[in-house]
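In what follows, a single structure is set out as structure tokens and then discussed.
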Amino acid sequence: MKKYKIFVSGVQKELKAERRAVKDSILGDVLLSEYFDVFLFEDSPAKSHSAEKAYLEEVRKGNIYISILGDKYGSTGKNKISPTEAEFREAKTKHKDILIYIKGENSVDKNREAGVQKLIKEIKDSKVGYCYRRFNSISELTNLVYESLIVFLKEKGEVGRAVFDQRICDSATFSDIDDEKVKWFLKTARAKRNFPLALDSSTQDVFTHLKLLKDGKLTNAAVLLFGKEPRKFFDQAKIKCIHLPSTEVEKPFTSYQIYEGNLFEQVDKAVSFVFDILKFPVIQQEHTVQVSRPREIPVFVVQEAIVNAVAHRDYNTTSSVQVMVFLDRVEIWNSGTLPAHLKIEDLKKPHASHPTNTLLATVMFFADYIQQAGSGTLEMLKQCKAKGLPEPDFVSVRNLEFKTILARDIFTEEVLNKLGLNERQLKAVKYVKEKGRITNKEYQLNFGVKKRQATDDLKDLENKEVLIKIGSTGRGTYYKVNGAIMGRKGQ
């Protein structure tokens, strides 16, 4: 299949991150990467002829010209205009599809360099009719580019209007559907959400009611939720679960599992994986028999984080959901990021629901896997607070991935930094988490200090209630993490 060529323009020094993010977001997307190649001048090999001729030649070769404008105009050449303007003029002359993205609001246009102000004035001229959008973050930029390219593909007749979960799953038939899972769903949805269809409803009737059929054919959502083997159609439909022996990513892993099956099975198995690990104390207790105790992290919190990753991920990318259980935390990763109009801080207050995959979210709600719209993250915060744990941390990574971090104890890196600990003390806490204890002598040997300094450091950790001292004097004295503060009294 012949691909459309995109030329990305913008002052390299000022807009390096934005240029790179646009290319990476396009080539990292399963759908867009099938239809587009992206040219960045900084990625091209050195050529014998001039740089100006080279980049103008690439503009002529392209189908789409993307211009990113910031504050800087760029250096000028013999023709007295910058490369960015020269590229724009060439794209205009050659009648390329032109997409323009201006960094910052209208109010700051007066602060830009004169050459940029002139270009913006021309672009905004209604008689010219250029399509331009404004952005304030890389995430917003990549989302706007994605939307524009989808519109381009629709206008070319390359793709339909449906998002991933609403698209028809080519070659899938009702023989690929697990009817027993549909019956399970009916029973659960009726009991939990007053689902209106009868228990003996046919699979086709259930799917019709849930809008899982399009033109009588199975959608991607139908196969992901109720397929016997979704991986036959979607290699990315899996959860990778990793148990790590310390607080860092390092091999060998303690255990590593890949869970496939339908989305309900994936979530159930991933949650079980986490709690098969969390049922054991992080801080080993000496001279005692292990006994049952409350979970380190509430079950709801772990399940909600994993369900969100599965339901709201970007299925157009080849990456899977990843669950990583460290000694001090659990991390859940998924492709995609928040919608442009929803920010990280919005997740910690009442907010409207904006599911990436509406069909998946709707069915998982009826199955009692998803809470009422916009309430799941608030309940996570509530339950962590009640447990005495830090709030979950929500992070957008490179504007391409989303990460949820759940602390296994209150002594996270952020909390320890707020206590004003020195570098030795921070390393000592990590050491105790991994080894279970530390003596004054071990502190001296590990951190290259004399006994007086080791005693002062350990006393400070004791005063700040991070460590507790076991024993009074002598060789039998050691320090361990304060289990009472961590909510582990009685282990």
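For the range 437-461, how many residues meet the condition of being within 37 Å of the chain's Cα centre (by Cα) and without any contact (Cβ under 8 Å) to a residue 40 or more places away in the chain?
The total comes to 2.
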task = Pull up the range 254-281, narrow it to residues that are among the hydrophobic types (A, V, I, L, M, F, W, C) and modelled with pLDDT under 90, then point me to the one that is farthest from F300 (Cα to Cα).
result = F280
task = Those residues that are surrounded by fewer than 23 Cβ atoms within 10 Å (Cβ to Cβ) and of a type in the set (A, V, I, L, M, F, W, C), I need them from the range 326-358; list them, please.
result = F326, L327, W333, L338, A340, L342, I344, L347, A352
query = When the residues of the range 149-165 are filtered to those that are within 22 Å of the chain's Cα centre (by Cα) and at pLDDT below 90, which remaining residue is nearest to Y65 (Cα to Cα)?
reply = I150
message = Among the residues of the range 174-201, what is the count of those that are surrounded by 12 or more Cβ atoms within 10 Å (Cβ to Cβ), over 33 Å from the mean Cα position of the chain (by Cα) and among the hydroxyl-bearing types (S, T, Y)?
response = 1
inquiry  = So in the range 13-45, with the set limited to residues that are in contact with a helix residue (DSSP H, G or I) (Cβ under 6 Å, 6 or more places away or on another chain) and of a type in the set (S, T, N, Q), which one is surrounded by the fewest Cβ atoms within 10 Å (Cβ to Cβ)?
reply    = S33
ask   = Do we find that L400 is surrounded by 16 or more Cβ atoms within 10 Å (Cβ to Cβ) and in contact with a Lys or Arg (Cβ under 8 Å, 6 or more places away or on another chain) in this structure?
value = no
task = Enumerate the helices (runs of 4 or more DSSP H) found wholly within the range 1-80, keeping only those where 3 or more residues are of a type outside the set (S, T, Y) and without any contact (Cβ under 8 Å) to a residue 40 or more places away in the chain.
result = 16-27, 51-61
task = Please tell me if I100 is under 22 Å from L40 (Cα atoms) and either at pLDDT 95 or above or buried (at least 17 other Cβ atoms within 10 Å of the Cβ) (or both).
result = yes
inquiry  = When you check S171 against the structure, is it on the phi > 0 side of the Ramachandran plot and either loosely packed, with under 14 Cβ neighbours inside 10 Å or not in a loop (DSSP other than H, G, I, E, B) (or both), yes or no?
reply    = yes
task = Say whether the condition of being without any contact (Cβ under 8 Å) to a residue 24 or more places away in the chain, over 20 Å from S319 (Cα atoms) and in a strand (DSSP E or B) is met by at least one residue in the range 201-220.
result = yes
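The values are calculated or read from the model by the stated rules, or taken from the named source; none is laboratory data. If you're wondering where the values come from, they're calculated on a predicted model, not measured in any experiment. In this analysis, Cβ positions are derived from the backbone assuming ideal geometry, glycine residues included, and neighbour counts consider all displayed protein chains.
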